[in-house]
Amino acid sequence: DTGNGEQLYECPMCSLTCTNIHILEEHVDLHLEEQSFSEGGNIRDVELAQQLQTEEDKWQRSEEDKREREEFKKLQRQYGMDNSGGYKQQFLKDMEREVDKGRMQPFEYHKRKADMMECLAFGIDDGKTKTSGVVEALCKYYQNENKDVRRVWFSTGVDHFHSSLGDRGWGCGYRNFQMLLSSLLKNSVYNDCLRDTTLIPSIPKIQSMIEDAWREGFDPHGASHFNNKLHGSKAWIGACEIYSLLTSLRIKCQIVDFHKPTGPRGTHPRLFEWVLHYYSTDNEGSTKVVCTSKPPIYLQHQGHSRTVVGIEEKKNKTLCLLLFDPGCSSQEMQKLLKQNSDGTSLKLLRKFLGSLKEKQYQIVAVDGVLSLEEKAACCRASQVLISEKIP
């Protein structure tokens, strides 16, 4: 009441006063309409934001899936599991490329293709990447070396094999097996085990031999990694596949896993000590150059493998491994057959403690022959664990 008898009406939403109830009702209705419109807008804003977030999440998942597929394909190509063919296909493709670039004559292409097809048909290596007699030449060199070597131990004779057109980039594991096998074939202890393997097998044949070992039951976990198939692929192999193959042939061997550095600055002194013990056991005489009856050692690390053919002990007690590398060409290896008096070519082989600084190394070491019962026991054991870890 205004005091003069006039009735006033107050808006409950904004405290506006009106003298007419109908005007107030219209005013309140405007408030309500405005509020309803505002609330509807907020709802639409929330719905739009949710829709945009859903679309963003969907796009990110799609991009992540795409990256994962691309990364998986990249790994498949890197490890030779992309169904792009194997040794034969790569050999032919690389020779065709050489012809296109004028580095190979067509007649040579056809001759090498015929030779390759014949070797593959018989399952034997063509021997074109082999260098023989290096260990024997080294033994003679060390007899006259008087600088700083106190003693050196060698495995039995080993032929060096390097990668060729057909396995360049992925064949190191197979080539190191060929090196190891070349030594075993010279040792009568293994005659019975290798009576069906008198010649060095080709890489496709080695792939088939590993598949045979898997079919016998060796290393089912490893076999599943390759979908139980190697032949016709460029798949990399490692210590487990070498172990399975050797054991299936009744050759006694072990995998030793140096799973972490044991020295300063990422070095592996325990690995060097293990190799020294392997070669020097029962060979501790006073002779400077010790030609043992031990086979060479297969040495694996991430992405590459090599063959240990000996070890030096310097006069200051430091150790140096002597390695055959499948990445080293025949031309380079043949320099070791005519060793200079200063031993400069030995740089190809020598690896000191600071040279081996990968995070992890595995070795496969051969030590005798298995009976059929022992082979069966090793097969059962490989279904659980096939390596010994060095702490």
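The values are calculated or read from the model by the stated rules, or taken from the named source; none is laboratory data. Predicted, not measured: the structure shown is a model, and the values here were computed from it. We place every Cβ from the backbone using ideal geometry, glycine too, and count neighbours over all the protein chains shown. Just the protein is used for accessible areas: all its heavy atoms, side chains included, with ligands, DNA and RNA removed. Shrake-Rupley method; radii C 1.70, N 1.55, O 1.52, S 1.80 Å.
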Test: residue 183 is polar (S, T, N, Q) and at pLDDT 95 or above: yes
Single condition residue 367 does not satisfy, out of (1) assigned to a helix (DSSP H, G or I); (2) touching a residue at least 40 places away in the same chain (Cβ under 8 Å); (3) acidic (Asp, Glu): (1)
Which members of the stretch 173-192 meet the condition of being in contact (Cβ under 8 Å) with a residue 12 or more places away in the chain and open to solvent by 20 Å² or more (accessible area, probe 1.4 Å)? 185, 186, 187, 189, 192
Scan the stretch 191-208 for residues that are of a type outside the set (Val, Ile, Thr) and touching a Gly at 6+ places or on another chain (Cβ under 9 Å) and jot them down. 199, 201, 202, 204, 205, 207, 208
Per the filter on the stretch 241-256, residues farther than 20 Å from residue 204 by Cβ and not in a strand (DSSP E or B) are 243, 247, 250
Quick check on the stretch 130-172: of everything there that is among the basic types (Lys, Arg) and part of a loop (DSSP other than H, G, I, E, B), which residue is surrounded by the fewest Cβ atoms within 10 Å (Cβ to Cβ)? 147
Contact list, first residue from the stretch 301-316 and in the same structural domain as residue 274 (by the TED database) and over 9 Å from residue 150 (Cβ atoms), second anywhere and of a type in the set (A, V, I, L, M) and surrounded by fewer than 18 Cβ atoms within 10 Å (Cβ to Cβ), beta-carbon distance below 7 Å, six or more apart or interchain, is 311/276; 311/319
Pull out all pairs, ordered by first then second residue, where Cβ-Cβ is under 8 Å, the residues are six or more apart or on different chains, the first lies in the stretch 60-78 and is under 20 Å from residue 236 (Cα atoms), and the second is modelled with pLDDT under 80 and small (Gly, Ala, Ser). 77/84
Among 102, 85, 127, which is the only one that is free of Cβ contacts under 8 Å to residues at least 60 places away in the same chain, in a loop (DSSP other than H, G, I, E, B) and either out of contact with any Cys (no Cβ under 6 Å at 6 or more places or on another chain) or surrounded by 14 or more Cβ atoms within 10 Å (Cβ to Cβ) (or both)? 102
Assuming residue 195 fulfils every condition listed in (1) in contact with an Asp or Glu (Cβ under 7 Å, 6 or more places away or on another chain); (2) outside any helix (DSSP H, G or I); (3) without any contact (Cβ under 8 Å) to a residue 60 or more places away in the chain apart from one, which condition is it? (1)
From the list 248, 280, 293, 233, which residue is of a type in the set (Ser, Thr, Tyr) and surrounded by fewer than 14 Cβ atoms within 10 Å (Cβ to Cβ)? 293
Please find, within the stretch 206-228, the residue that is modelled with the lowest pLDDT out of those that are open to solvent by 90 Å² or more (accessible area, probe 1.4 Å) and assigned to a helix (DSSP H, G or I). 225
So which residues in the stretch 318-332 are among the acidic types (Asp, Glu) and either surrounded by fewer than 18 Cβ atoms within 10 Å (Cβ to Cβ) or assigned to a strand (DSSP E or B) (or both), if there are any at all? 332
For the stretch 337-355, does any single residue satisfy the condition of being buried (at least 22 other Cβ atoms within 10 Å of the Cβ) and either more than 30 Å from residue 165 (Cβ to Cβ) or not assigned by the TED database to the domain that holds residue 239 (or both)? no
